[in-house]
Structure formats: structure tokens, C-alpha cells
Amino acid sequence: MAEKVLVLAEVRDGELRNVSFETIAAGRKIAGDNEVVALLCGDQVSDFSERLIHHGADRVLLAEHSDLKNYTTDAYKQVILQVLDEESPDALLIPHTSPGKDVAPRIAAKLNSGMVSDAVDLEVAGDEVIFTRPIYSGKAFEKQSVTSGLLFATLRPNNIQPLEEDPSRSGETSQVSVELKDLRTVVKEVVKKTSGGVDLAEANVIIAGGRGVKSEEGFKPLYELADVLGGAVGASRGACDAEYCDYSLQIGQTGKVVTPDLYIAVGISGAIQHLAGMSNSKVIVAINKDAEAPIFDVADYSLTGDLFDIVPLLTEEFKKE
Ligand code: FAD
């Protein structure tokens with residue numbers, strides 16, 4: 001068991017991301033009864049400290065600075081390296097999110113440490129921690145352990161079960177004395193392309209539209225269904241290429257990788273590159289008018305028919321729930 005595990009928690013758009021709790025739960029597996037320390041970077045993020053403790057952190061380090069409000073490689077790398085130096089943990093876990101994917105390899109390179117990237121599970125076998133990660137676009141899994149330097153991994157969101165929130169847990173919160181030097185980039189302004197809604201990467205329910213949706217207008221029934229189910233809307237690359245929606249919605253090999261509880265593929269054929277981004281979803285429902293569409297091979301529930309009939313019917317039915 002590691003004596004001390006440092007985990008990076010994540011705030012985005014003023015909200016603590018669920019993956020923070022998942023990463024703490026993974027840290028707890030490695031630390032056992034030893035210490036799990038959560039590092040939270042941002043600007044005025046102290047309100048989140050208690051929730052991190054209630055979800056299993058023993059101690060929270062707050063790195064607060066206006067230049068940490070939005071992620072930049074330079075600033076986050078400096079803070080993480082500083083905290084690693086001050087805390088000397090045995091293990092470091094970072095969410096495999098856009099910021100995590102960017103900063104983690106830089107930390108590993110700087111420390112000359114091994115790193116497992118994009119793990120979906122881990123097991124502790126004696127002194128060894130074995131991580132499971134998908135390969136070949138999710139068609140196979142391999143097991144990896146870190147054999148040099150810090151025990152270090154990034155964890156794919158939505159795969160590790162967070163610990164149950166326990167409001168009776170208490171822990172210490174302290175400030176990191178942030179000294180950012182020679183930042184090569186700072187974020188001046190963030191201009192959002194999409195408006196609010198549920199974050200695709202963390203959504204429990206995703207309604208994804210493909211070229212079968214036929215137009216930007218055709219996505220409207222999908223948004224209505226997503227609203228009723230409290231989910232997010234995603235898309236195939238076919239739909240993005242056809243300009244029915246923004247590329248930020250693209251799911252697949254060259255888009256986002258998602259693992260929601262429920263994935264509803266609407267008018268999507270099921271190309272291998274699309275499956276790479278969603279085939280590990282817990283329950284897959286496919287709606288397609290072509291009974292031979294390959295998406296049905298991975299679907300738990302197959303609805304053959306016209307999406308413009310089926311999607312509004314589903315919305316009506318779920319509204320009654
Ligand atoms: P289509 O294959 O055209 O399928 C449309 C489906 O809609 C059909 O099955 C049709 O039967 C159905 N349909 C039509 N009308 C209706 C209706 N009224 N009701 C019900 N069903 C209807 N794709 C991705 O999605 N994500 C990626 O990340 C990705 N990366 C790629 C990377 C590379 C290097 C390459 C070469 C390709 C990549 N692709 C990716 C593209 C991929 O190969 C497919 O072209 C794409 O996924 C097809 O999108 P689609 O299923 O929406 O469209």
C-alpha cells in the first residue's frame with residue numbers, strides 16, 4: 001500500500017467535476033488506510049474542499065490563483081511539480097480529461113517517471129498496482145504497471161465508482177503557496193461555443209445523432225429527449241462533417257470517448273471509428289431504419305424504424321415517468 005497518494009481534482013465552469021471523486025476513490029484503493037491528498041487548482045475554489053473530503057480525501061491542498069482559473073499547461077505543470085516536491089507522495093493520479101491528458105505526460109517526462117495513460121480500472125496486488133486500459137479503439141484491454149519512478153496514472157472519467165459521500169468525514173484543508181513563474185501563456189477570456197447543458201464527458205445519458213438526423217433542425221428532437229432524460233447530446237463524425245452540429249459533440253476515435261450509463265445512437269450506422277468512442281457504454285440503444293446497420297451488433301436494445309417517429313415517442317413516454 002502506498003503511504004501517500006496525491007490526486008488531482010478538477011473544477012470546470014465553476015463546478016467540481018465528478019471525475020475528482022472517481023480519482024479519489026482510485027487513490028483510496030491504492031492507499032488503503034493511508035493518506036489520500038487531493039490537490040485542487042483554480043481561483044477561489046475553497047468551497048469545494050469539504051466535498052472532496054466527504055468523498056474520501058484525507059487532506060485537501062488548494063492552489064488558488066487568478067492564473068489557475070482556466071487551465072494552462074505552464075501554470076498547472078508548475079503547481080503540480082511544486083506540490084510533488086513538497087509532499088513527496090508515492091503515487092499520483094490525474095483525471096484523463098483534456099487538461100489531464102495535456103499535463104500528465106509533461107509531469108512524467110519532467111520526473112523521468114513511468115506513467116499509465118487512460119486507465120479504466122486498477123487492482124492492488126501486494127506491492128504492485130495493475131492498471132487496465134483499453135487498446136485498439138476499445139476492442140481489447142491490456143494490463144500495465146509502472147516500473148520506474150512515481151506510481152503515476154491518468155484515469156478515464158466515468159469508469160471508477162466514486163465512494164459514497166459521507167458528510168461525517170473530516171479532514172484538513174491548507175493553501176499551497178502558489179508561485180507562478182515566467183508563464184508563457186495566460187487565458188484572457190473564454191468564449192464558449194456551446195451553451196451550457198450537461199457535459200458530454202461526464203453525462204450519464206447521451207443521445208447521439210448521426211447523418212440520419214439529416215439537418216441541424218433534425219437534432220431538435222434529440223435535444224428534447226436529452227432534456228427529459230437529463231442527458232447530453234453527442235454526434236457521429238458524419239453529422240459533424242455534414243455541419244448538422246459542432247465538432248465539440250463528436251464521439252469516436254477522433255472525438256470524445258464516453259462511457260455513460262445509457263447511450264442512445266440515433267441515425268448512426270456504427271462505423272468502427274464511432275464505436276471506438278462509445279462501445280463501453282453500459283446500456284446501448286440504437287435507432288436505425290436499416291435493420292442491417294452495424295450499430296445493432298453492439299446495441300443492447302435495437303429499435304428498427306424512422307428516428308423521426310421513434311424519438312418523439314420516446315420523449316412523450318419518458319415525460320410520463
Ligand atoms: P452514416 O454512416 O451515413 O449512417 C447514417 C445512418 O443513419 C445509416 O445507418 C442510416 O440507415 C440511418 N438513417 C438514415 N435515415 C434514418 C432515419 N430517418 N431513421 C433512422 N435511421 C436513419 N466517425 C465518428 O463517428 N467518430 C469518429 O471519431 C470518427 N473518426 C474517424 C477517423 C478516421 C481516421 C476515419 C477514416 C473516419 C472516422 N469517422 C469517425 C467516420 C466514420 O468512419 C463514419 O464515416 C461515420 O461515423 C459515419 O457517421 P454516421 O453513422 O452518422 O453516418
| Any residue at all in region 142-161 that is closer than 30 Å to ASP309 by Cβ and modelled with pLDDT of 95 or more? | no
Expected output for region 28-40 (first residue at pLDDT 95 or above, partner of a type in the set (Phe, Trp, Tyr) and buried (at least 19 other Cβ atoms within 10 Å of the Cβ), Cβ below 7 Å, 6+ apart or cross-chain) is LEU40/PHE48
If we ask which residues in region 220-271 are touching a residue at least 60 places away in the same chain (Cβ under 8 Å) and more than 16 Å from the chain's Cα centre (by Cα), their number turns out to be 7
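Name the residues in region 34-48 that are within 16 Å of GLU172 (Cα to Cα) and open to solvent by less than 10 Å² (accessible area, probe 1.4 Å), would you?
VAL36, VAL37, ALA38, LEU39, LEU40, VAL45
Residues ILE287, ILE268: which one is β-branched (Val, Ile, Thr), within 10 Å of the ligand (Cβ to nearest atom), part of a loop (DSSP other than H, G, I, E, B) and buried (at least 20 other Cβ atoms within 10 Å of the Cβ)? Talk me through it step by step, then tell me what you get.
On the way: ILE287 fails: part of a loop (DSSP other than H, G, I, E, B).
Checking each option against the conditions leaves just ILE268.
So, of the residues in region 242-265 that are among the hydroxyl-bearing types (Ser, Thr, Tyr) and assigned to a loop (DSSP other than H, G, I, E, B), which turns out to be farthest from the ligand (Cβ to nearest atom)?
The first filter runs over region 242-265 and keeps only residues among the hydroxyl-bearing types (Ser, Thr, Tyr), leaving 244, 247-248, 254, 259, 263.
So of that shortlist, the ones also assigned to a loop (DSSP other than H, G, I, E, B) come out as 244, 254, 259.
Working: TYR244: 9, THR254: 4, THR259: 15 Å.
Here the answer is THR259.
Would you pick out the residues in region 118-136 that are surrounded by 14 or more Cβ atoms within 10 Å (Cβ to Cβ) and under 20 Å from PRO105 (Cα atoms)? Can you show your working first?
Pass one, region 118-136, residues surrounded by 14 or more Cβ atoms within 10 Å (Cβ to Cβ): 118-122, 124, 129-134.
The answer is ASP118, ALA119, VAL120, ASP121, LEU122, VAL129, ILE130, PHE131, THR132, ARG133, PRO134.
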The one condition ALA208 fails out of (1) touching a His at 6+ places or on another chain (Cβ under 9 Å); (2) part of a loop (DSSP other than H, G, I, E, B); (3) not acidic (Asp, Glu) is (2)
Here the qualifying pairs (Cβ atoms under 6 Å; residues six or more apart or on different chains; first in region 1-21 and under 14 Å from VAL198 (Cβ atoms); second part of a helix (DSSP H, G or I) and open to solvent by 10 Å² or more (accessible area, probe 1.4 Å)) come out as ASN18/GLU202
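The values are calculated or read from the model by the stated rules, or taken from the named source; none is laboratory data. Bear in mind that the values here come from a model prediction, so they are computed numbers and not experimental data. Don't worry about glycine lacking a Cβ; one is built from the backbone with ideal geometry, like all the others, and counts go over all protein chains shown. Accessible surface is based on the protein model in full, side chains and every heavy atom, while ligands, DNA and RNA are left aside. Shrake-Rupley method; radii C 1.70, N 1.55, O 1.52, S 1.80 Å.
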